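Notes follow the structure.
The values are calculated or read from the model by the stated rules, or taken from the named source; none is laboratory data. Quantities reported herein were computed from a predicted structural model and do not represent experimental measurements. Neighbour counts are summed over all protein chains in view; Cβ atoms, including those assigned to glycine, are modelled from backbone coordinates with ideal geometry. Just so you know, the surface numbers come from the protein's heavy atoms only, side chains and all, with ligands and any DNA or RNA stripped out. Shrake-Rupley method; radii C 1.70, N 1.55, O 1.52, S 1.80 Å.
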Amino acid sequence: MLSDTQKTFVFALLMCLFCSIALTGTAVGLKSKQEKNMLVDRQKNILKSLNLLDVNKKYSSLDIEKLYIENVNEFYVNDLGELTADVTSLPLFVIGSETSIEKYAVPFKAYGLWSWVYGYIAIQGDGETIVGLTVYDHKETPGLGGEVEKAWFQNQFIGKKITDISGEFVSIGVVKGKVKDSNIAEDKLDNYVDGISGATITSKGVEKYLKDDLYLYETFAKQLRRS
């Protein structure tokens, strides 16, 4: 016969075992769902950067998946600036085909004041005109650096150029304040957007790292600009 102390110990042990099994089962069961949600969120942000989502419409997960599969082709860019199915460090999300690119999106990450800012930026098939930009993850201060996730900041990139008037890569500058109040020359206005008030470090972080990431795709973009 077990003593009361032993019974209590056995009961506690069995409860711990039961809870552990239950938690493990729940975690395993949710993992596939979490991975699916992450995939759909990734697809949604790529579509958003490519300007394929109606901001006034609500989309289900199935809507996003269907729209993505029907419109986006996934490639990688190799060292020669060529599209390939082989995995490299430079993913490319294309609207159109390998030989006829309407527009394409690339991922970027920029360090702000407190965190990495993750997003996608999309470029026209001309290799220089921005189609859209989206930010999907960051830990910047709400109302300050956190404005990187707001439409007013992201939408101003649309139509801007990552090249100067001679066709050379310059990326996009983020000014302190507003472009219209700056001393930027008229022929360079297409290369700048307004900064975030009170968040100069975040603004300049986006500027610096966005340039770094876009430059990685320059061999590919140059080919588009020459065609």
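Report note on the peptides 80-87, 135-142, 62-69: ranked by the mean count of other C-beta atoms within 10 Å, highest first, their order is 135-142, 62-69, 80-87.
Here the chain has 57 percent of its accessible surface on carbon and sulfur atoms, given a 1.4 Å probe and all protein chains in place. The rule of thumb for compact globular proteins, 2.2 N^0.38 Å, goes into the C-alpha radius of gyration of the range 75-227 1.03 times. For the residues 152, 114, a 1.4 Å probe over the protein chains yields an accessible-area ranking, largest first, of 114, 152. Compared with the direct C-alpha span, the chain from residue 65 to residue 176 gains 36.1 nm at full extension, assuming 0.36 nm per residue.
Run the numbers for residue 85 and residue 137: contour at 0.36 nm per residue of separation, minus the present Cα-Cα distance, in nm.
Once the chain is fully extended between residue 85 and residue 137, it gains 16.0 nm.
From the alpha carbon centroid of the range 66-110 to that of the range 158-227 is 21 Å. Within the chain, the selection of entire DSSP H helices by a Cα span of 20 Å or greater along the long axis and an average Kyte-Doolittle value of at least 0.0 returns 4-49. The residues of the range 140-202 present an accessible area of 54 Å² per residue when probed at 1.4 Å with all protein chains retained. A full extension of the chain between residue 73 and residue 126 corresponds to an added length of 17.3 nm, given 0.36 nm per residue minus the alpha carbon distance.
If R0 is 41 Å, the Cβ-Cβ spacing of residue 227 and residue 116 corresponds to a FRET efficiency of close to 0.75.
Every helix of 4 or more DSSP H residues in the chain counts as -39500 (n - 2.57), and over all residues that averages to -13000 deg cm²/dmol at 222 nm.
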